[in-house]
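Chemist: Right, I'll just put the structure down here and ask away after.
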Amino acid sequence: MSSFYQLEFEKPVVEIEKQVAALQERLKRVQGGKVGGGGAAGEQTLETGTGADEESAAPEDAGAIEREIDALRVKRERVLEELYAHLTPWDTVRVARHPKRPQTRDYIEMIFKDFCELHGDRRFGDDPAMVVGFARLGSTKVLVIGHQKGRTTQEKIACHFGCAHPEGYRKAMAKMRLAEKFKLPIVTLVDTPGAYPGLGAEARGQAEAIAVNLRDMSRLKTPIVSVVIGEGGSGGALGIAVADRVAMLANSWYSVISPEGCAAILWKQANEQTNTAAAQNLKLTARDNLELGIIDAVIPEPIGGAHREPKKTAQHIEKWLTDQIMDLKAHTPSTLPRTRYERFRKLGSFAEQVA
Amino acid sequence: MTNAVSSKAKTWNDHSSARKTSVPEGLWLRCDGCEQMIYRKQMEANLHCCPECNHHYRIAGAERVKQLADSGSFEAMFTGLSPTDPLKFKDLKGYKERLLAEQIKTGATDAVIAGSCFIKGRSAMLCVLDLSFMMGSMGSVVGEAVTRSIETATERNLPLIIVSGSGGARMQESGLSLMQMAKTSAALARLDDAGGLFISVLTDPTTGGVTASFAMLGDVILAEPKALIGFAGPRVIQQTIRQELPEGFQRSEYLLKGGMVDRVVPRNELRSEIARMIDYSGR
C-alpha cells in the first residue's frame, strides 16, 4: 500500500494512513493479547513506539479502536478526493506517470477478451513499445493498439519507457489497414512521453512513419476510437490517435511537448518551478483539452487516481469504448473519413480579416 | 518534437538578430561554409549561396517565393489570417508580445506565405514556411494556410509545392499546434485520393512536427544540400543516447543515402527540377 504514496502532494493522506496503521497494530494487540503470541506483540510495540502519547489517550477496547479506524478511513477518502479535485497541471503529469498506473497491457487484460497479438511490421523488427492485436470488446471483434511503457526494469528498457520507434508506428499502421479490410473497429490506447529520439529511429524515418500514420489513419474506412490513458506526448501520441472519437482519462496529459522539454527551451532550464509553469501554460490536462475541442470526452478515474483502482478505471474505459463503437457502427464506414476529416479540420485558433 | 527550435534558433540568431536573411550586414562577409571572404551582393545575386563553395544560406519566405515563382506571377492567398493567443501562453515573455515583436521585425503576420503562381510557365500552388518568423514554427495560422493550400490544389487540380523550413510545431499553441499535424496530413490524404501531385521541398532546418506531418508526405521529396532534416533535434538525440552524433547525421545527403528523400537539389536547379517533376506527373 505504501508504494502508492510516492507523490509529494499526497503527504496529508500518508499521515492519516500512518495513524490507521498504528491503530490497526493496537487493535491486533488488544484482540491478540487475549489469545497470546508474545513474540509478535513485542515487535509491534517497537514499530508503534513513536505513537506512545496517542496510545495512552486512546481507548482500550477493540470496538472503540475500530470506530476510530473507520472514522480515519472516511477522512482519508475525503482528503484524497479533495487533493485530486485540485491537482495542479504539473501534479497531474506526475499522476499520469505514476509507476503503479495501469498500462496498455493491463487494460487489454481487464477490458478485452481473447487478445491475439500481432508482432510483425514486415520492415525491420518488433517494437515492444507498441502493442497491436485482435481482441474482443464484449461481443465486438476489434483491433487494439497501444503504447506500452513496461513494468519491470527489463521491460521498461526494451520498451524505451513507452517511446516507440518507426517500426512500432509502421506495425500499427499495417494492422490498421488489415482492420479496415476485415471491417473491424480500431481502439487505440495512448501512453507515451513521445516518439523515441535516437540514431536508429532517425535513420529509419521516425518522422515519415508518424506522418504516414496521420495521413492514412485519416482515411481509414472503419471506426477509430482513442483514449489517452497516461501520457499523450506530442507526435508520438498523435501517431495512433487520429480517431473519430478521442477521450482522456481524468489524470492524463496530452500536449505538443512535455513540460520539461518546454521548460528547457522557453524557460532555458527545467526545474520544479519552470516545469510547473510550463505544465500550466501548455494546457495539457484533460479538462483543458476538452475545452479546446481537441478531445471529445473525459473519462473519470476513481478517487486518488487510476492506480488505486485499476479495475474500476478499466470499467469506465470499457463503457466509453463500447458506447462510442456502438454509435460509430451505425455510420456507413465510407462516410467516416469525411466526418473524421471535419473533426480535425476545424481545430485551430486564428483571426481572419476578410479582404 | 519542438525541441529542435532552441538549438536551431541559436544558429539563426548567430547570423542575424533582427533581419529577414541570415547574412550579416556589410559589403563583405566570411562564408560559413568555406570561410572565404565573399562579396555580399555577389552571394545574394547567386540565390543567397556562396559563390566560392555554394554554401546555402537560409533565406526568408519572401525571398524563396521570389526565387521559385516566375517573375510577377505570384498571387498571395489567405493573407487575412493572423495568430491569436488561445492559451494565453506566457513563458519568460508573453506569446502576444512575442508575436508582435516578430510581426514588427518581419512585416508578416505569421510564418507562412501561400499563393498561386507559375513555375517556368507551369501553373502551381506554392506554400512556403518562413524561417524568419519564429523559426517557421507551425501554429494554427501556418496549419490553416498549409491546409487551405492543399485544399486549393485539390479543388483546382494544381500541382502543390510546399517549401519547408521550420523548427516544428509551435509550443505556444500547444495541443492546437499538434492538431495542425493531423489537419495538414489529412488534407494531403484527400489530395492523394484525388490524384494530385505534392512536391515537398525540405530546406535547412526542417524538424519536429513539420517533418512528422506534411513535409515527409511528398509524392516527391526534394532537399537542398546539407539541410538539417529530422524528427528530433540533434541536441535532444545527443542527450538521449549520450554519445557523439556521426558526421553528416540528419543532413540531406544522409537522408538521401538512407532512402528518406528522392533528390538533393542545389538551389539554382530547384526551379527546373520542380518543373521537370510537374511534367513527369502529367499535371
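The values are calculated or read from the model by the stated rules, or taken from the named source; none is laboratory data. Model, not experiment: these values are computed from the prediction. Using ideal geometry, Cβ is built from the backbone for each residue, glycine included, and neighbour counts are taken over all protein chains shown. All accessible areas refer to the heavy atoms of the entire protein, side chains included, with ligands and DNA or RNA removed. Shrake-Rupley method; radii C 1.70, N 1.55, O 1.52, S 1.80 Å.
Chemist: Which residue out of A:333, A:300, A:337 is open to solvent by less than 40 Å² (accessible area, probe 1.4 Å), assigned by TED's automatic domain parsing to the domain that holds residue A:102 and either over 30 Å from residue B:94 (Cα atoms) or in contact with a Lys or Arg (Cβ under 9 Å, 6 or more places away or on another chain) (or both)? Full working, then the answer.
Modeler: Details: A:333 fails: open to solvent by less than 40 Å² (accessible area, probe 1.4 Å); A:300 fails: open to solvent by less than 40 Å² (accessible area, probe 1.4 Å).
Just one listed residue meets the conditions, A:337.
Chemist: Please report, ordered by residue number, the helices (runs of 4 or more DSSP H) entirely within segment B:170-247 with at least 2 residues that are charged (D, E, K, R) and open to solvent by 10 Å² or more (accessible area, probe 1.4 Å). Let's see the steps before the verdict.
Modeler: Numbers: elements: B:174-193, B:208-211, B:234-241.
In segment B:170-247, the matching helices (runs of 4 or more DSSP H) lie at B:174-193.
Chemist: Just to be sure I understand, how many residues within segment B:62-93 are under 13 Å from residue B:141 (Cβ atoms), outside any strand (DSSP E or B) and either more than 14 Å from chain A (Cβ to nearest Cβ) or open to solvent by 20 Å² or more (accessible area, probe 1.4 Å) (or both)?
Modeler: So the answer is 5.
Chemist: Considering each residue of segment B:209-229, count those that are touching a Lys or Arg at 6+ places or on another chain (Cβ under 9 Å) and at the interface with chain A (Cβ under 10 Å from one of its Cβ atoms), and give that number.
Modeler: Narrowing segment B:209-229 to residues touching a Lys or Arg at 6+ places or on another chain (Cβ under 9 Å): B:209, B:213-214, B:217, B:220-229.
Subsequent filtering for residues that are at the interface with chain A (Cβ under 10 Å from one of its Cβ atoms) retains B:209, B:213-214, B:217, B:221, B:229.
The total comes to 6.
Chemist: For segment A:88-120, which residues satisfy the criterion of being aliphatic (A, V, I, L, M) and open to solvent by 50 Å² or more (accessible area, probe 1.4 Å)? Steps first, please.
Modeler: First, the residues of segment A:88-120 that are aliphatic (A, V, I, L, M): A:93, A:95-96, A:108, A:110-111, A:118.
A:110, the sole residue that qualifies.
Chemist: Taking interchain pairs and intrachain pairs at least six residues apart, which have beta carbon atoms under 6 angstrom, with the first residue in segment B:129-155 and at positive phi and the second of a type in the set (A, V, I, L, M)?
Modeler: Qualifying pairs under 6 Å: B:134/B:111; B:135/B:5; B:135/B:9; B:136/B:111; B:136/B:129.
Chemist: Scan segment B:123-136 and give yes if some residue there is surrounded by fewer than 21 Cβ atoms within 10 Å (Cβ to Cβ), over 14 Å from residue A:350 (Cα atoms) and within 13 Å of another protein chain (Cβ to nearest Cβ), otherwise no. Outline the logic, then answer.
Modeler: First, pick out the residues of segment B:123-136 that are surrounded by fewer than 21 Cβ atoms within 10 Å (Cβ to Cβ): B:123.
Among the residues that remain, those that are also over 14 Å from residue A:350 (Cα atoms) are: B:123.
Checking which are within 13 Å of another protein chain (Cβ to nearest Cβ) leaves us with none.
Looking through segment B:123-136, none of the residues is surrounded by fewer than 21 Cβ atoms within 10 Å (Cβ to Cβ), over 14 Å from residue A:350 (Cα atoms) and within 13 Å of another protein chain (Cβ to nearest Cβ).
Chemist: Based on what the data block shows, is residue B:244 farther than 30 Å from residue A:282 by Cα, within 14 Å of chain A (Cβ to nearest Cβ), acidic (Asp, Glu) and out of contact with any Leu (no Cβ under 8 Å at 6 or more places or on another chain)?
Modeler: Considered against the rule, which asks whether it is farther than 30 Å from residue A:282 by Cα, within 14 Å of chain A (Cβ to nearest Cβ), acidic (Asp, Glu) and out of contact with any Leu (no Cβ under 8 Å at 6 or more places or on another chain), residue B:244 comes out as yes.
Chemist: Test each condition in (1) open to solvent by 10 Å² or more (accessible area, probe 1.4 Å); (2) under 21 Å from residue A:112 (Cα atoms); (3) in a helix (DSSP H, G or I) for residue A:317 and report the one that comes out false.
Modeler: (1)
Chemist: While we're on this one: Give the residues of segment A:212-227 that are away from every other protein chain (no Cβ under 11 Å) and surrounded by 24 or more Cβ atoms within 10 Å (Cβ to Cβ), sorted by residue number.
Modeler: So the first thing to find is which residues in segment A:212-227 are away from every other protein chain (no Cβ under 11 Å), and the list is A:221-227.
Matches in segment A:212-227: A:223, A:224, A:225, A:226, A:227.
Chemist: Exactly one condition in (1) of a type in the set (Phe, Trp, Tyr); (2) touching a Leu at 6+ places or on another chain (Cβ under 9 Å); (3) more than 21 Å from residue A:218 (Cα to Cα) is not met by residue B:214; state its number.
Modeler: (3)
Chemist: Being facing chain B (nearest Cβ under 8 Å) and of a type in the set (Ser, Thr, Tyr): is that true of residue A:255 here? Explain how you work it out, then say what you get.
Modeler: On the way: facing chain B (nearest Cβ under 8 Å): yes; of a type in the set (Ser, Thr, Tyr): yes.
Criteria met by residue A:255.
Chemist: Where in segment A:202-288 are the helices (runs of 4 or more DSSP H), entirely inside, with at least 1 residues that are closer than 20 Å to residue A:103 by Cα and in the same structural domain as residue A:304 (by TED's automatic domain parsing)? Can you show your working first?
Modeler: On the way: elements: A:206-217, A:234-238, A:259-266, A:272-281.
Ranges flagged: A:234-238.
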